Amino acid sequence: MKLHRRRQFLHLTAGVAALPAASRIAWAQAYPSRPVRWIVGFAPGGGNDIVARLMGQWLSERLGQPVVIENRPGAATNIATETVVRAPPDGYTLLFVATSSAINATLYERLNFNFIHDVAPVAGIMRIPNVMVVNPSVPAKTVPEFIGYAKSNSGKINMASAGVGTSIHLSGELFKLMTGIDMVHVPYKGSGPALTDLLGGQVQVMFGTMPSLIEYIRAGRLRALAVTTATRSEELPDIPSVGEFVPGYEVSTWYGMSAPMGTPAEVIDKLNKEINAGLADPKLIARLADLGGKVLPGSPADFGKLIADETEKWGKVIRAANIKAE
C-alpha cells in the first residue's frame, strides 16, 4: 500500500473509531433491519434445536425481524462454530452455544479457531441436568451403594455414552476421577443406541440427559440414582444430586448464544436484553421447564465466565483421563 493511501486508510479507521457514542447507539437501535441467522450445530428435532427454535420465535417477535434457525451439524458442532467465527461481526450471524463448545476447546488438538478468543458471549439460556441411571439389575439403589459396588467389581461395570467427548461421557469420567472407581467406557453413535443397550442390560450405567431418560425413570425401566446438577431437579424432586455424596461434583448441559468477536457491544446488549426478557416470561419458562431445565439469565460477562469456567473444568478432565477425539 502506498504511503499516502496507507495514511488515508488509517485516517478513515481512526474516524470510524471516534464516531460519537450516540451514533453507535442509534445504529444499534435500528438493528436488525433484515433477517438474522442463528447457526445451530445440531440436527433438527433434538433438544438443542428445540431450545433454539423456542428462543428464536421469541426473538423474532421482539426484534421485528425473522431469526432463522440454520442447522449445521457435524464435527461435534465445530462446523457451526467456524461458520460463525468467519462471518462478519455485525449481529446478523449468531451461534447457538452448548457444553460441547467448552469441551471441544481441549478435546480437539487442532481447530481453525480459538473459541474463547474468537467468539463473543451474548447470553445464557438454560441448564439441563444429566441423570445418573442404572439398569434395574444393578443392586445399588444409592450413589454410595453404587460406589461400593463398583469398587467390588472394578473394571467390570460398563458405562454407556453418546460418544467420546460428549457431556454424557465426561459426566462419567468426572465421577470416576472424583470417586476413584474404575468403569469401562462404551461409546455409542448417539444417545439412542446407548439407551437401547442400557435398557437391555448390555451396559449397566449412564449419565444421560434428562429429556431422554425421564419417562423410562418414571416407568421404572431405569433406576435414577442422582441428578448431576448442584441442586435437585424440580422434575425429579425425590432424586438426590451426586454432589450430596461426592462434594464438588456438578455437571449440566447448558445452552446460550454467542456472536463473532468484534460484534458491536450495543448489538450484544440488545440481544442480551431480549433473551433475558424471554427468560422472565412465564410461558417461555414453562416450555423450557418441560425439557427438564432451568433458565440461565445474566449479562454477557456472566455467560462468558460460565464458558471460561466450563472450558477449564473439562480441560482438566480430558487431560486427566487422556481422552482423545475420534
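Which number in (1) among the small types (Gly, Ala, Ser); (2) under 16 Å from Asn112 (Cα atoms); (3) over 15 Å from the mean Cα position of the chain (by Cα) marks the one condition that Gly56 misses?
For Gly56, the exception is condition (2).
Of the residues Gly56, Gly91, only one is out of contact with any strand residue (DSSP E or B) (no Cβ under 6 Å at 6 or more places or on another chain) and not basic (Lys, Arg); which?
None of the other options fit; the residue is Gly91.
Where in region 20-138 are the helices (runs of 4 or more DSSP H), entirely inside, with at least 2 residues that are open to solvent by less than 50 Å² (accessible area, probe 1.4 Å) and under 30 Å from Phe175 (Cα atoms)?
Counting at least 2 such residues, we get 47-63, 78-85, 99-107.
With the structure loaded, tell me whether Ile268 is at pLDDT 95 or above and under 30 Å from Val184 (Cα atoms) or whether it fails that test.
It is false that Ile268 is at pLDDT 95 or above and under 30 Å from Val184 (Cα atoms).
Out of the residues in region 139-164 meeting the condition of being touching a His at 6+ places or on another chain (Cβ under 9 Å) and not in a loop (DSSP other than H, G, I, E, B), tell me which one is modelled with the lowest pLDDT. Before you say what the answer is, go through the steps one by one.
Looking only at region 139-164, we keep the residues that are touching a His at 6+ places or on another chain (Cβ under 9 Å), and these are 158-164.
In the following step, the residues that additionally are not in a loop (DSSP other than H, G, I, E, B) were identified as 158-161.
Details: Asn158: 97, Met159: 98, Ala160: 96, Ser161: 92.
That would be Ser161.
Suppose we keep only residues that are surrounded by fewer than 17 Cβ atoms within 10 Å (Cβ to Cβ) and under 14 Å from the mean Cα position of the chain (by Cα) within region 295-312. Which one would you say is nearest to Leu271 (Cα to Cα)?
Lys305
Just to verify a result, which residue in region 200-230, among those that are in a helix (DSSP H, G or I) and surrounded by fewer than 14 Cβ atoms within 10 Å (Cβ to Cβ), is nearest to the chain's Cα centre (by Cα)?
Filtering region 200-230 for residues that are in a helix (DSSP H, G or I) and surrounded by fewer than 14 Cβ atoms within 10 Å (Cβ to Cβ), the one nearest to the chain's Cα centre (by Cα) comes out as Glu215.
Could you go through region 234-245 and let me know if any residue there is closer than 29 Å to Gly91 by Cα and without any contact (Cβ under 8 Å) to a residue 12 or more places away in the chain.
No, region 234-245 contains no residue that is closer than 29 Å to Gly91 by Cα and without any contact (Cβ under 8 Å) to a residue 12 or more places away in the chain.
Residues Thr311, Thr229, Thr253, Thr263: which one is under 14 Å from Val122 (Cα atoms) and among the hydroxyl-bearing types (Ser, Thr, Tyr)?
Working: Thr311 fails: under 14 Å from Val122 (Cα atoms); Thr229 fails: under 14 Å from Val122 (Cα atoms); Thr253 fails: under 14 Å from Val122 (Cα atoms).
None of the others qualify; the one that does is Thr263.
Identify all residues within region 233-278 that are open to solvent by less than 30 Å² (accessible area, probe 1.4 Å), of a type in the set (Phe, Trp, Tyr) and closer than 24 Å to Lys176 by Cα; write none if there are none.
Of everything in region 233-278, those that are open to solvent by less than 30 Å² (accessible area, probe 1.4 Å), of a type in the set (Phe, Trp, Tyr) and closer than 24 Å to Lys176 by Cα turn out to be Tyr249, Trp254.
With the requirement that a residue be over 11 Å from Val205 (Cβ atoms) and surrounded by 15 or more Cβ atoms within 10 Å (Cβ to Cβ), what does region 146-167 give you? Write out each step before concluding.
First, pick out the residues of region 146-167 that are over 11 Å from Val205 (Cβ atoms): 147-148, 151-156, 162-167.
Across region 146-167, the qualifying residues are Ile147, Ala162, Gly163, Val164, Gly165, Thr166, Ser167.
Which of (1) surrounded by 16 or more Cβ atoms within 10 Å (Cβ to Cβ); (2) modelled with pLDDT under 95; (3) of a type in the set (Ser, Thr, Tyr) is the odd one out, the single condition Thr179 does not satisfy?
With (1) surrounded by 16 or more Cβ atoms within 10 Å (Cβ to Cβ); (2) modelled with pLDDT under 95; (3) of a type in the set (Ser, Thr, Tyr) applied to Thr179, the lone miss is (2).
Which fully enclosed helices (runs of 4 or more DSSP H) of region 233-321 have 3 or more residues being of a type outside the set (Asp, Glu), within 21 Å of Thr77 (Cβ to Cβ) and in contact with a Ser or Thr (Cβ under 7 Å, 6 or more places away or on another chain)?
Output list reads 300-320.
The values are calculated or read from the model by the stated rules, or taken from the named source; none is laboratory data. The shown structure was predicted, so the numbers you read here are calculated from the model rather than taken from an experiment. Cβ sites come from the backbone with ideal geometry, for glycine too, and all protein chains shown count toward neighbours. Note: accessible area is taken over every heavy atom of the protein model, side chains too, but ligands, DNA and RNA are not part of it. Shrake-Rupley method; radii C 1.70, N 1.55, O 1.52, S 1.80 Å.
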